[in-house]
Amino acid sequence: MSNLLTAQTLEPIKRFDKNPKNSKLQNRNDSTFVGKRSGKNNEVAKIEQYKIIDVNNNITLVDTSLTIAKEYKFNYLRKDNFGLMQFANLGQTYNRLTRDFSTSNLLPLFGARARHFNYFEVEDVNYYEVPTPFTELFYKTAFQQGQLLDAFFTVNTSKQFNFSIAYKGLRSLGNYQHTLTSTGNLRFTTNFKTKNERYIAKAHMATQDLLNQENGGLKTEDLQSFTSGDEDFIDRSVFDPNFDNAENTLVGKRFYLNHEYQLIPQTDSLNKSLSIKNIINFEDKYFQFDQTSNDDFLGDSFNQSNIRDRVTLENFETKLLLDFKAPIIGNIGFGVGYNDINYGYDKVTILSGQQIPNRIKDRIVSLGGHYHNQFGGFSLSSQMGLNVSGDFESNFFLAEVNYDIKDDININASIGFNSNSPNYNLLLYQSDYINYNWNNIQSFKNQKNYDIKFELNSKKLLDLSFQYVSIDNYSFFSSEQDSNPIKPKQLQQSINLFKIKLDKEIRFGKFALDNSILYQKVTDESMSLNLPEVIVRNTIYYSNYFFKKNALFLQTGITFNYFTDYYMDGYDPLLAEFYSQNQTKLGGFPRLDFFINAKIRQTRIFLKAEHLNSSFTGYEYFSAPNHPYRDFTIRFGLVWNFFL
């Protein structure tokens, strides 16, 4: 999607994470060299030579350490999922316990957002530079007849050229009827630079297929049987769901090229540079809902059998950017972007005598710019973008100031504004189910988000952040009653959201207590944006080496998760979207996970007893109304790095 044409300047290599939960023991259990020979001089390859480069050319290093942060990231998304509530089966969706409205998008997002958690966007794809071939294997057991595997390989054929290939695959049957998940994410990347580094190119191709069987959750009359803990229902497969004949699928293909050329290269004698950059991005995706026969759970339908709703989006995007760097002036860039979008359906729907449009087509021209400069310990950055032609009149602005008070204390303040159209499926939707047809292209206004944020980061003290968000024309899906229909809605009044988050690790000997606490307050008389006031995660764990030459590094502990009860968003299987509801309060239940993790050379082994308290703290645990959270289970996995 169209956004700011940002510069891609090389940032310093980030050897250690500023977050204490990542870095405290990283020096101790990470490899400082891998013992492999590379180059013409047969030199030993250092771990610092294995570089990971993101889309903005920020560089991090391959990290084989075992830290508490690695424990938090050992999951389906391979990200810290604090603030997310998983559904019962691996590969299903997540309910958001907190929201982030800061964005630089200038176009609406494709719908089915509940299916996008494991969808690799442009910024999720990394590029690599390695002295020897490098492989990573990620494996984790799933629920009932399934596994999760993420396999990755990269090699530099020369110092100038690298390619990588990765595939992430999952199949999990699940413990409830008709909740099978089957997903695949294939990524191929390549990057090239000339010997004088005046020309740099990065490209990737991604094909993704995410399938979920849908059952609509438990029937309302069965909820008492679930929450009672009756032994006859401990086997979750005995529950009859709302339906058992539907599935939805998100499929996407993307071809991406990002290359730049230095018209005036920076040298020792000339401390300035001028470069031109071009980005070409083509993405084709579709979302499809299939059901063998209609079901009253979703309302009346045009067809009685073989229901298929399919919506597609084709987006061709290209950008051209001019970037200039010079002392005192700093780094300044301007660019122009072009998008050709085609969203819609291959059918015509007439409802109550009115024909609903089946396409949104547009050609958008956008302008963007950025600025960055360093003044002593101060760093100033700003970005802006706006559409100058087309039907979507969007714009955004972001300014950020960063200051290092001491080596250990950093403060950051930012202010942002974004005005953008609601997502495509809020504007236009067609379905075989009569209630799921609407056209809000003319009636819905841009949603406007105002964001102010302040952050304090310190290893010795704590990480603390304050954020205030004001939202006009909030756009969302809503259910006014216990039963369907689910409808898009846009508020006329403003919503205010205040958040304060604290992260602190306390160490005492070989023990540590890691804490994350989030407090958030929503001011919304309509109760359209519902979030828990408090989210807590505390982990107490023990770390130590064992055996000769510290051959084994071990971490073991217990993680406590909790959030206060609130009107948790419901999940709609036809849209693959969450919707606001004010009938059922959920939450207020603890979750305890016990883990034992070990590292042997470049292999990390993870063993976890998830939700071990489920049988003795009550069965009123849900991820969404009528969708139970996971029962107690033991799962195993590993991450294995090969330096060939």
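Looking only at the range 341-353, which residues are open to solvent by 50 Å² or more (accessible area, probe 1.4 Å) and part of a strand (DSSP E or B)? Quick ask: steps written out before the conclusion?
Taking the range 341-353 as the starting set, the residues that turn out to be open to solvent by 50 Å² or more (accessible area, probe 1.4 Å) are 346-348, 350, 352-353.
Result: I350, single match.
Checking V365 against (1) farther than 22 Å from L322 by Cα; (2) more than 25 Å from the chain's Cα centre (by Cα), which test does it fail?
(1)
Quick one: which of Q208, Q291, Q213 is within 27 Å of the chain's Cα centre (by Cα), under 21 Å from N89 (Cα atoms) and open to solvent by less than 40 Å² (accessible area, probe 1.4 Å)? Please lay out each step first, then the result.
Working: Q291 fails: within 27 Å of the chain's Cα centre (by Cα); Q213 fails: open to solvent by less than 40 Å² (accessible area, probe 1.4 Å).
After ruling out the rest, the residue left standing is Q208.
For the range 614-636, which residues satisfy the criterion of being assigned to a loop (DSSP other than H, G, I, E, B), open to solvent by less than 70 Å² (accessible area, probe 1.4 Å) and either on the phi < 0 side of the Ramachandran plot or modelled with pLDDT under 95 (or both)?
Of the residues in the range 614-636, the ones assigned to a loop (DSSP other than H, G, I, E, B) are 614-621, 625-626, 629-632.
Remaining after also requiring open to solvent by less than 70 Å² (accessible area, probe 1.4 Å): 614, 617-619, 621, 625-626, 629-631.
Residues satisfying the conditions are S614, T617, G618, Y619, Y621, P625, Y629, R630, D631.
So, in the range 437-470, exactly how many residues are open to solvent by less than 50 Å² (accessible area, probe 1.4 Å) and over 27 Å from the mean Cα position of the chain (by Cα)?
Residues that pass the stated criteria total 3.
From the set of residues in the range 331-357 that are over 20 Å from S394 (Cβ atoms) and among the hydroxyl-bearing types (S, T, Y), which is modelled with the highest pLDDT?
Among those that are over 20 Å from S394 (Cβ atoms) and among the hydroxyl-bearing types (S, T, Y), it is Y345.
Of all residues in the range 487-507, which are open to solvent by 70 Å² or more (accessible area, probe 1.4 Å) and either in contact with a His (Cβ under 9 Å, 6 or more places away or on another chain) or outside any strand (DSSP E or B) (or both)?
Residues satisfying the conditions are Q492, Q493.
With the condition kept exactly as written, say whether any residue in the range 471-486 is touching a strand residue (DSSP E or B) at 6+ places or on another chain (Cβ under 7 Å) and open to solvent by 50 Å² or more (accessible area, probe 1.4 Å). Lay out the reasoning, then the answer.
Narrowing the range 471-486 to residues touching a strand residue (DSSP E or B) at 6+ places or on another chain (Cβ under 7 Å): 471-479, 486.
Filter once more, keeping what is open to solvent by 50 Å² or more (accessible area, probe 1.4 Å): none.
Within the range 471-486, not a single residue is touching a strand residue (DSSP E or B) at 6+ places or on another chain (Cβ under 7 Å) and open to solvent by 50 Å² or more (accessible area, probe 1.4 Å).
Quick check, is F82 more than 17 Å from A624 (Cβ to Cβ), open to solvent by less than 20 Å² (accessible area, probe 1.4 Å) and modelled with pLDDT of 95 or more?
Details: more than 17 Å from A624 (Cβ to Cβ): yes; open to solvent by less than 20 Å² (accessible area, probe 1.4 Å): no; modelled with pLDDT of 95 or more: yes.
Answer is no for this residue.
Considering only the range 354-379, state which residues are in a loop (DSSP other than H, G, I, E, B) and touching a residue at least 60 places away in the same chain (Cβ under 8 Å).
Once the filter is applied, which keeps residues that are in a loop (DSSP other than H, G, I, E, B) and touching a residue at least 60 places away in the same chain (Cβ under 8 Å), the range 354-379 yields P357, N358.
Counting only residues that are outside any strand (DSSP E or B), of a type in the set (D, E) and surrounded by 15 or more Cβ atoms within 10 Å (Cβ to Cβ), how many does the range 380-408 have? Show your work before the answer.
Step one: of the range 380-408, the residues outside any strand (DSSP E or B) are 390-394, 405-408.
Going one step further and asking which of them are of a type in the set (D, E), we end up with 391, 393, 407-408.
If we keep only those that are surrounded by 15 or more Cβ atoms within 10 Å (Cβ to Cβ) too, we end up with 393.
Going through the range 380-408 one residue at a time, the tally reaches 1.
At least 1 residues that are open to solvent by 40 Å² or more (accessible area, probe 1.4 Å) and either under 27 Å from N457 (Cβ atoms) or of a type in the set (A, V, I, L, M, F, W, C) (or both) in each: list the strands (runs of 3 or more DSSP E) lying fully within the range 510-575 that qualify.
Values: elements: 511-523, 534-546, 552-563, 570-572.
Because the criterion is at least 1 residues that are open to solvent by 40 Å² or more (accessible area, probe 1.4 Å) and either under 27 Å from N457 (Cβ atoms) or of a type in the set (A, V, I, L, M, F, W, C) (or both), the strands (runs of 3 or more DSSP E) in the range 510-575 that meet it are 511-523, 534-546, 552-563.
Go through the range 296-331 and give me each residue that's open to solvent by 40 Å² or more (accessible area, probe 1.4 Å) and either touching a Pro at 6+ places or on another chain (Cβ under 8 Å) or not in a strand (DSSP E or B) (or both).
D296, F297, D300, F302, N303, Q304, P327, I328, I329
From the residues in the range 109-134 that are under 30 Å from T564 (Cα atoms) and among the aromatic types (F, W, Y), which one is least open to solvent (accessible area, probe 1.4 Å)?
Residue satisfying both the conditions and the ranking: Y119.
Just checking, which of L77, L106, L97 is in contact (Cβ under 8 Å) with a residue 40 or more places away in the chain, open to solvent by 10 Å² or more (accessible area, probe 1.4 Å), in contact with a Phe, Trp or Tyr (Cβ under 9 Å, 6 or more places away or on another chain) and among the aliphatic types (A, V, I, L, M)? Give the derivation first.
Numbers: L106 fails: open to solvent by 10 Å² or more (accessible area, probe 1.4 Å); L97 fails: open to solvent by 10 Å² or more (accessible area, probe 1.4 Å).
That would be L77, the only listed residue that is in contact (Cβ under 8 Å) with a residue 40 or more places away in the chain, open to solvent by 10 Å² or more (accessible area, probe 1.4 Å), in contact with a Phe, Trp or Tyr (Cβ under 9 Å, 6 or more places away or on another chain) and among the aliphatic types (A, V, I, L, M).
The values are calculated or read from the model by the stated rules, or taken from the named source; none is laboratory data. Please read all numbers here as calculations on a predicted model, not as lab measurements. Neighbour counts are summed over all protein chains in view; Cβ atoms, including those assigned to glycine, are modelled from backbone coordinates with ideal geometry. Note: areas computed on protein heavy atoms with side chains; ligands, DNA, RNA excluded. Shrake-Rupley method; radii C 1.70, N 1.55, O 1.52, S 1.80 Å.
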